[in-house]
Amino acid sequence: MEYRVVGRTGVRVSSLCLGTMTFGGEASEAESARIFEASVAAGVNFVDTADVYAGGRSEEIVGRLLAGRRDEFVLVSKVFGRKYPPPNAGGSSRRHIVRAVEDSLRRLGTDRLDFYLLHQFDADVPLEETLGALDDLVRRGLVLYVGASNFAAWQYMKALGISERDGLERFAVIQPMYNLVKRQAEVEILPMALAERLGVMTFSPLGAGLLTGRYAGEDPRGRLVENERYQRRYGLQSYVATAKRFVEYAHEAGVDPVTLAVAWCTSHPAVTAAIVGARTAAQVAPALAAAEFVLTPGMRAEVTALSPEVPLAHDRREEA
């Protein structure tokens, strides 16, 4: 396992981060423990969860798994989702953030989070209020570093600008979607992260399972078939065609498509870690194998060529 520094923090994390969205839902607590222990055995020290995963059960299970060895792990949770009765059921207001972090810490059985991320952008709350609330959490010692997930590049940059202007804690890490069929992060987000020295933990390296090849059979089962949101996200025929080419390439190269898909993500120079999750310990094994797989620059270029090129970031230099 390779360990990488998260942005400017000096914190070293495994190049694979264990995602726990399935814990307490699609994966029972017993199976979650098996997934966790397999990941630890592979060298993973980076764990990602969120207050909304399985209605809070994910955090509770993670807390029990970390009991007695909390300091061995770098722990991430996220805030935004709606867990309480309306009208103040979620979002990025100071009121919700303060309540949410206290609840997350209680469920996780810890006194602090290493990284605390906004789960998405909240257009109803000024970033000044949100960033001020996060800054207060850092000053109180409840959170060590802050960040955000699912922002557009301009939203990340606006937040960084406000933090610099107002002397607030700046984002240390971001969490964008990134995989072979969803490469939009390459346009602005990943170049921005390199320029600003932000840690990057990417999610959905397998495209909801599309890149595993398991949906090519006669009786496909899994998130992509069962979840309408994922069908909308990954149902384009161009994505399906890219996945088919990728799986064929992986088989010809003699490597599990899961291993190759994850290794492709972690090989991007902006990426600190790829988040890997599973319903079973057997499923997580080939993802963990990506940590030891050597993806040559030539092989990465061949894999990338299987996917249609994303538009280049447009800075108007060609119009000068």
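The values are calculated or read from the model by the stated rules, or taken from the named source; none is laboratory data. All values reported here derive from a predicted model rather than from experimental measurement. Don't worry about glycine lacking a Cβ; one is built from the backbone with ideal geometry, like all the others, and counts go over all protein chains shown.
Brief remarks follow.
- Filtered by the rule that a residue be part of a loop (DSSP other than H, G, I, E, B) and within 24 Å of Arg99 (Cα to Cα), segment 23-62 gives Gly24, Gly25, Thr49, Ala50, Asp51, Val52.
- Scanning segment 204-239 for residues that are modelled with pLDDT under 85 and under 22 Å from Gln175 (Cβ atoms) yields Arg223, Leu224, Asn227, Arg229, Tyr230, Arg232, Arg233, Tyr234.
- Every pair of residues 6+ apart whose Cβ atoms lie under 7 Å, when the first sits in segment 183-194 and is within 13 Å of Tyr156 (Cβ to Cβ) and assigned to a helix (DSSP H, G or I) while the second is modelled with pLDDT under 95 and of a type in the set (A, V, I, L, M): Pro191/Ala313
- Only residues that are crowded, with 23+ Cβ neighbours inside 10 Å, aliphatic (A, V, I, L, M) and closer than 11 Å to Cys265 by Cβ were counted across segment 172-189, and they come to 2.
- Odd one out for Arg4, checked against (1) within 30 Å of Arg197 (Cβ to Cβ); (2) of a type outside the set (A, V, I, L, M, F, W, C); (3) buried (at least 21 other Cβ atoms within 10 Å of the Cβ): (3)
- Odd one out for Gly91 among (1) farther than 22 Å from Val173 by Cβ; (2) modelled with pLDDT under 95: (1)
- Residue match in segment 150-172 (condition: touching a strand residue (DSSP E or B) at 6+ places or on another chain (Cβ under 7 Å) and β-branched (Val, Ile, Thr)): no
- Residue within segment 136-155 that is under 18 Å from the mean Cα position of the chain (by Cα), surrounded by fewer than 16 Cβ atoms within 10 Å (Cβ to Cβ) and either touching a residue at least 12 places away in the same chain (Cβ under 8 Å) or assigned to a strand (DSSP E or B) (or both) present: yes
- Residue match in segment 63-79 (condition: outside any loop (DSSP other than H, G, I, E, B), acidic (Asp, Glu) and crowded, with 23+ Cβ neighbours inside 10 Å): no
- Restricting attention to segment 146-157, the residues being of a type outside the set (S, T, N, Q) and out of contact with any Leu (no Cβ under 6 Å at 6 or more places or on another chain) number 6.
- Tally of residues being surrounded by 22 or more Cβ atoms within 10 Å (Cβ to Cβ) and not small (Gly, Ala, Ser) across segment 96-113: 5
- In segment 285-305, the residues that are touching a residue at least 24 places away in the same chain (Cβ under 8 Å) reach residues that are of a type in the set (Asp, Glu) with C-beta atoms within less than 6 angstrom, at least six apart or across chains, in these pairs: Pro286/Asp256.
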